Amino acid sequence: MKRCTFLLFFSLTLLISCNQKTSKTDNTVIEIAELLEIADKNIGNEFTLLGTVSHVCSHSGRRCFIIDSTGDFSIRIEAAGEINNFGRELMGNTIKVIGLVQETRLSAAEIDEWEKDIASEESSHAESDGEHCSAEMANINRMREWMKEHGRDYYSIYYFEGQSYEVVD
């Protein structure tokens, strides 16, 4: 009887442990560039990112931006979970963040409206800084190119909903 109870307990334990989902944060760190490549298929999934804090929003500290080691890729981190806010003292520090991939979509109509706003600003401020408007127009053009390449009527902005983080030495 004891042997039968032991075998039943062992079998149930094995069955339960084999059927549990494994977290994508199993201490494996994914690069920002790699995450951005797969973000569209992983909305709501959990990952661990490593990056250097390049900006902390000064108003509330509820978001920061991290960049990869090359400085070529960045992602916005929103405070959630255990994170109340990001302190300005994090600027320049490398952090490891566990969080969820999220997406905001800009519709073609919103982008068109943005372009109209730029055009009206430009015409009402003839002596304004042209670099600002040209940079915004370049962004709009890149968004439209991306939409065309991907056959979509919206532009995806991926960000990370940070659940916890730690400063890495």
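We did not get these values from a lab; they are worked out from the coordinates using the rules stated. Keep in mind that what you see is a predicted model, and the values were worked out from it rather than measured. Cβ atoms come from the backbone with ideal geometry, glycine included; neighbour counts cover every protein chain shown.
Structural remarks
- Of all residue pairs spaced 6 or more apart or on separate chains, those with beta-carbon atoms under 7 Å, a first member in region 80-108 that is of a type in the set (K, R) and a second member that is part of a loop (DSSP other than H, G, I, E, B) and surrounded by fewer than 18 Cβ atoms within 10 Å (Cβ to Cβ) are R88/S58; K96/V29.
- All conditions in (1) touching a residue at least 12 places away in the same chain (Cβ under 8 Å); (2) over 25 Å from V53 (Cβ atoms) hold for A119, with the sole exception of (1).
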